[in-house]
Amino acid sequence: MKTFHTATLGCKINQYETRALAEALEARGWVQVDDPALAGRILVNSCAVTANAVSDLRQLVRRLHRESPDAAIVITGCAAQILEEELAGLPGVERVVPQSRKAELLDAGPARAGWQPFAISGYDRARPVLKVQDGCSHRCTYCVVPLARGRSVSRDPAAVLAEAERLLMAGFREIVLGGINLRQYGTDLPGRPDFWDLLAGLERALAPRWADRVRLRLSSLEPGQLGSKALDVLGASRLVCPHLHLSLQSGDPEVLRRMGRGHYRPEQALEFSRELAAVWPVFGLGADLLVGFPGETAGQFGNTLALARALPLSYAHVFPYSPRPGTPAADLDGQVPQEEKKARAASLRAVTSARKRAFLKVLAGGGPLSVLVENAEGEGVSEHYAPCRVEGVSAVRALVRARPVGLEGGRVLARPEPEA
């Protein structure tokens, strides 16, 4: 029996691609095992966004080799693209497959030029990711993604719809629409549809059958995408969760310019959130925030703090800047000392953590929630992407209407509403 084990580091797109690779191996007669010690082959899908991600990869590969010394380890993903020779020297590694050639592991025939033919029919988690876009053509000064994943490529809308229908028919009740840079969706497709066109098309096709029974969640967006068209599509949707996650990065326009992100203003996020409140009276809002970028002054960091206080954030991911070899920012003057970066990150996390607690308190004292149950303990997320636990519910993947009864640590505690 041919057995394999998978390990994934990094983003939701990597998780999606790992699932696609696993399904392709199973179609060829391989059996997936949870214990790496039982595997004849181990597939590691790597990340290279931060120095810590690469360090974690090295540690993971060494541990997997110790646990399964006879297994052939195959490393693919973003780190494999930019560190191919180095990774090939790690113990137990049989093959390194760069991200640009990852689809070779699918053994799937020819595909449309530029788009690697990943596809899934199931998922290992209750909320599957549906990949609609890959790569990035923008080249922020701090980011290795264009080096690792190449230019932006988009998935055909018909293929997106077919996969969404496949996942819904398989019993999934929430789908996350994901990509590396959704702002660039459609720039390589005939007619140049944008992401909001894609979303509106999914709404037209799916809502007549699935409205009130399933939901779509959007992965990371840019403030520059948020205009009147976005507001119209979101306001008309019966499927999209009232939750946005923004790749905001900084609240200071000069820092954004040095990051190569001068195509939007920090205030755009605040302006749109105020307009969105008329469409979604209660909504979750997350943000990615990067502190300690080269040249960031105390005053410029203060602008990020002020924006975090002004936005109706329900959570945030805060990252200290990590220099990545091969990016322009790594050679910029004004590198911020590590201790100062840590201190700024801690200050910002304190602000965003307080906003999260306040948001959970509002939900706990409000009306019924729709909770997607993710495990047998009844834990999951509300439509606003708030962590919840529904007492007495163990049906994984179920969408449960539940009434909040209080807070339990960092989540809302709820009980299912009686069926009508």
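What to note about this one:
- For PHE283, the accessible area of its heavy atoms, probed at 1.4 Å with every protein chain present, is near 20 square angstrom.
- Net charge of neighbours whose Cβ lies under 11 Å from the Cβ of ALA88, counting Lys and Arg as +1 and Asp and Glu as -1: -3
- Note on the chain: Cα Rg divided by 2.2 N^0.38 Å, N the number of residues, gives 0.99.
- Virtual paramagnetic centre 7 Å along Cα→Cβ of ALA310, amide N under 16 Å, in region 274-292: 274-276
- Accessible area, probe 1.4 Å, largest first, for residues HIS65, HIS317, HIS384: HIS317, HIS65, HIS384
- Beta bridges by DSSP in the chain, antiparallel share as percent, to the nearest 5: 30 percent
- Residue of GLY409, GLY40, GLY114 that the Gaussian network model of the chain assigns the largest fluctuation, springs spanning Cα pairs under 10 Å: GLY409
- Springs join every pair of Cα atoms under 10 Å in this Gaussian network model of the chain, and among ALA236, ALA200, ALA308 the largest mean-square fluctuation is at ALA236.
- When the Cα positions of PRO325, PRO404, ALA346 are compared along the charge dipole of region 295-420, PRO404 comes out farthest toward the positive end, with charges on each C-beta of Lys, Arg, Asp and Glu.
- Inter-site label distance for ALA330 and SER121 at 7 Å from Cα along Cβ, in nm: 4.2 nm
- Solvent-accessible area, 1.4 Å probe, carbon plus sulfur percent, for the chain: 52 percent
- Summed over the residues of the chain and divided among them, the accessible surface reaches 42 Å² per residue at a probe radius of 1.4 Å.
- About the Cα centre, charge dipole magnitude for the chain (Lys/Arg +1, Asp/Glu -1 at Cβ), debye: 500 debye
- Label-to-label distance for ALA170 and ALA343 is 5.0 nm, based on points extended 7 Å past Cα in the beta-carbon direction.
- TYR321 accessible area, assembled protein chains, probe 1.4 Å, Å²: 10 Å²
- Result for the chain in a Gaussian network model with C-alpha springs under 10 Å: among GLU383, GLU203, GLU85, the largest mean-square fluctuation is at GLU85.
- Region 71-85 and region 289-346 have Cα centres spaced 30 Å apart.
The values are calculated or read from the model by the stated rules, or taken from the named source; none is laboratory data. These numbers come from a predicted model, not from an experiment. Every residue, glycine as well, gets a Cβ built from its backbone with ideal geometry; the counts of neighbours run over all protein chains shown. The area values use the complete protein model at the heavy-atom level, side chains included, leaving out ligands, DNA and RNA. Shrake-Rupley method; radii C 1.70, N 1.55, O 1.52, S 1.80 Å.
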